Structure formats: structure tokens, C-alpha cells
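Below is one structure, written out as C-alpha cells; the observations come after it.
The values are calculated or read from the model by the stated rules, or taken from the named source; none is laboratory data. Note that the coordinates shown come from a computational prediction; the quantities given were computed from them, not determined experimentally. A quick note on method: Cβ atoms are made from the backbone with ideal geometry, for glycine too, and the neighbour counts reach across all protein chains shown. When the accessible area is computed, the model is the full protein with side chains, heavy atoms only, and any ligands, DNA or RNA have been set aside. Shrake-Rupley method; radii C 1.70, N 1.55, O 1.52, S 1.80 Å.
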Amino acid sequence: MPSETGRPPARVLWPRVIGQRRVKDALLAAWRSGRLPHAYLFYGGEGVGKDATALELARVLRCERGGEEACGECSSCRRMATMQHPDVRLIVALPRGPQEKDDDEPLAKLAPADVRIVQEQLRMKGADPYYRVQIPRANVIKINSIREVRRESSMSTSEGKTRIFVISGADAMNDAASNTLLKTLEEPPGDTMFILTTSRREALLPTILSRCQNVRFDPLTEEEIRAALTERGHIEGAQASLLARLAGGSYTRALELAESDLMAQRADVLDFIRKAIGGRMFDLIELIERMAETKDRDVHTRFLTLTLLWFRDALVLRHGREVINVDQLTELGNFISRFPGADLALAVGDVERAISLVDRYTYIKLVLAQLAVRLRIAVLKPAAAHGHYGT
């Protein structure tokens, strides 16, 4: 269908990957010129398409039709769809089996049920490159996995094309795995490509960073997320728009919010803020106890992220800019009117610190209790004479 300008709409390049046109163009330019490096590092926020782009590049390089787009129909593309391609390996964090040694094969000592979970998770990732692999007790990328990469990279490929290793969440490698990978990157086989992805670039060895071509991924726009939610997640209208605003540039975060009881969580955020600032300690303790009943760290992070967005909205509204929580505009306006001297930048920093503590597995009750105290100080101390909020 023609656009409003009368011109046909621009072709969507690599449609399995949402947005990231700059990155796609750079990768294709390197491919066309025959200058693809032996190792890439894709870095950026969670859920912006690093894994999806790595897997799509692998699909294109291995597609039997040899074009700029993977055909989706050839034998190679079909095997990629289930992550069963012999020359494309996705490396993820795995659990350790009983009495497992570092020179065992990665799955050798796992129970059959655990192996089935790993295989199923990889199949789901092949079907949906934005799927977040979830394997119980998998916290690190084991040296076993990287040693297997090293062994396989020295072998010839089945069809004479490039063998590709995608190391997802490369910051999960322990020191031994990192050093083993470094040796391989220092002496790369000519027909092998390594693609590392991470949202924590600073956690990787500087020597690994220097041996990879670093490619930064931008946060997705609200429109890109909204369109993807509508087209892929069958989420319509106002809900898709709200999720896109709350997602902070991350498609996977938008999906997680869609699957959660979002409205109840947002109400809990407002309740937490009111009780913290109002000094209603018994009510606050009861709320913290209820939130701590779940041991799911993602739920805690999502709650704190929503809290962070609320205080950021208060900060930008104070300067007359557009907020994310548009349906809470009245509450936000009342808040900044009641506390004109609140140090909202300090409050934002306090919530960011709380999120980092949850990421380090800190006791959630302690995190929330400390955050409540810090928020009360940030809001009330600069202008204590303005009274309490929500009392």
C-alpha cells in the first residue's frame, strides 16, 4: 500500500529483527564488501534485539540461496528455526551436573530431564529469537561449553561455509571460560565467526573487547515496540501503547509486562510511594512482606523499574515535558505540587541503586526497606514543611 507521500513503504530489512536499522545496514555493508570480522560483540540494553540480530546474521550467512535475506525455506533455514543446525551453535548458561568435571561435554553429566529442558529452550529460541532462555540452576557459561566451542571451531564445516558461534549473555562466562575463549579469539580459524551478546559490556575482559568488533544496539522506539506488540503479540490499541511507553526501549520487557498483572503492580508502586513518604511504617512493612512472598527476582525488578519510571515522570513533568504514565498524570501533578522542593534526581538514583542490589541477589526486604527510607529523605528533607503525602 502506498504511503501518504504516494511512495511505496520502505522495505523492512530482516523483518524478524525489530528496528535496529543502523546495525542492520552496518552488518550488510560489511557482508557486501567481504569484510565481516571473525568476532563481533553486540552490546546494549536487555530485549533490544542483540540475540535476534546475531541469529539473523547467522541465518543469512548460512542460507543456501546466498542473498541478503534468509529465505526461510531451504534446509539450512529450517534447521535454524529449531536451533539444530550443525554449523550454528547457540551457547548459553547451563547448570552443572553431579560430579561434573571441566573437561566433560557440557550436557554429559546432566540428568535426562535437564537435557530435555535445555533442548526445548533452544528450540523455543530458534522459533522466537526474542524468547528469553530459562534453564533452572543455569547461572554461568561453563568452561566445558567454551572448550567445546574451541574444539568445534577447529573442524571443517559440513558445507564449506562459515561456522557461527553465538554466545548469548557472554558476561555470564566465568574467568576460566573467558580465558579459554580469549585463546580462541587470538588465533581464530578462517572459516569461523563468533558473535558475543551482552547487556553488561563492562563485565567482559578488556582483552576480549579488543578482539571483537563492538556494535552498540540502541533502545527501541515506542513506535517500534507498539507495532511489534500488535503484529507479533496480538496486543491492540491503548494497551500496546501503554506497554510500549513503560518498556523503556525493550521489547522483551514489554512482553513481560503484558504477561504480568500490570495494573495491580502499578497500583502497588503508588501505594509503596505513599506509605514510604507518609511514614506509615506498619502499613509499609505489611506491603513489603507481601511483595517479598514471591522469590521471583524478575517480579522485584519489574516493581522497582515501574517505581523508577514513576519518579522519572515526576522529574520530567516538573520541567513541563511528556510523561510515560499518562493515565497517572493527576497523581503526578499532585505530587510535584505538594513537594516542590523534592530532590527527584536523588530519588531516581536511589531506585536505580535498589535495582542494582536486586541484580546482585540482595535480600529483597532489606532493599525495599532501605529504599523507603531513602525516598522519604529525598522527598521530604529538602522541604519538610510541605507535609506528608497520602496521609
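Report, in degrees rounded to the nearest 10, the 0 to 90 angle that the Cα long axis of helix 175-186 makes with the longest principal axis of the chain.
50 degrees
How far apart, in nm, are the 7 Å Cα→Cβ label points at Glu68 and Ala176?
Computed distance between label sites Glu68 and Ala176 equals 4.6 nm.
Using a simple charge model, +1 on the beta-carbon of Lys and Arg, -1 on the beta-carbon of Asp and Glu, nothing else, what dipole does the range 74-215 show about its Cα centre, in debye to the nearest 20?
Numbers: 21 positive and 18 negative charges, 66 e Å.
Dipole size: approximately 320 debye.
Per 5 Å bin, what percent of the C-alpha pairs of the range 1-152 does each bin hold, from zero upward?
2, 8, 15, 18, 19, 15, 11, 6, 3, 2, 1, 1, 0, 0
Using a basic spin-label model with each label point 7 Å from the Cα along Cα→Cβ, how many nm lie between Asp102 and Lys295?
3.0 nm
How about Lys381: which aspartates and glutamates have a C-alpha closer than 19 Å to its C-alpha, ignoring those fewer than 8 places off in the same chain?
Asp343, Asp350
So how do 136-149, 260-273 stack up, highest first, on mean other-Cβ count within 10 Å?
On the way: 136-149: 19.3, 260-273: 16.4.
Output ranking for 136-149, 260-273: 136-149, 260-273.
Note down the nm distance, to one decimal, between modelled labels 7 Å out along Cα→Cβ at Gln370 and at Arg150.
With each label point 7 Å from Cα toward Cβ, the separation is 3.8 nm.
Which one of Ala244, Pro136, Ser33 has its Cα pushed farthest toward the positive end of the charge dipole of the chain, where Lys and Arg give +1 and Asp and Glu give -1 at the Cβ?
So the residue we want is Ser33.
Among 51-58, 326-333, 171-178, how do they line up from the highest to the lowest mean number of other beta-carbon atoms within 10 Å?
Numbers: 51-58: 25.5, 326-333: 14.2, 171-178: 18.1.
Descending mean neighbour count gives 51-58, 171-178, 326-333.
Calculate the translational D of the chain in whole µm² s⁻¹ from Stokes-Einstein, where the hydrodynamic radius comes from the Kirkwood formula applied to all Cα pairs, the temperature is 4 °C and the viscosity 1.567 mPa s. The partial results should precede the final answer.
Values: Rh = 23.3 Å.
The estimated diffusion coefficient comes to 56 µm²/s.
Calculate the all-directions average of the projected area of the range 294-355's alpha-carbon convex hull, and give it in nm².
Numbers: hull surface 18.3 nm².
Result: a mean projected hull area of 4.6 nm².
For the range 19-161, what does the accessible surface come to per residue with a 1.4 Å probe? Please give it in Å². Intermediate results must be reported in sequence, preceding the final value.
Numbers: 6680 Å² over 143 residues.
I get 47 Å² per residue for the range 19-161.
Long-range amide H contacts for Ala39: which residues qualify at under 5 Å (H placed 1.01 Å from N, peptide plane, sequence gap of 5 or more or a different chain)?
Residues meeting the amide H criterion: Phe194, Gln213.
Going down the list Lys24/Lys161; Lys24/Lys101; Lys142/Lys365; Lys109/Lys365; Lys161/Lys183; Lys50/Lys142, which pairs span over 29 Å between their C-alpha atoms?
Working: Lys24/Lys161 21 Å; Lys24/Lys101 40 Å; Lys142/Lys365 31 Å; Lys109/Lys365 36 Å; Lys161/Lys183 23 Å; Lys50/Lys142 21 Å.
In this structure, Lys24/Lys101; Lys142/Lys365; Lys109/Lys365 exceed 29 Å between Cα atoms.
Report the Cα-based extents of the range 14-102 along its three principal axes, largest first, to the nearest Å.
Principal axes ranked by extent give 48, 32, 24 Å for the Cα atoms.
For the chain, with all protein chains present and a 1.4 Å probe, just round the carbon and sulfur fraction of the accessible area to a whole percent.
Carbon-and-sulfur percentage of accessible area, whole number: 51.
Taking amide H positions as placed in the peptide plane 1.01 Å from N, state which residues far from Ile91 in sequence (5 or more) or on other chains have amide H under 5 Å from it.
Val166, Ile167, Ser168
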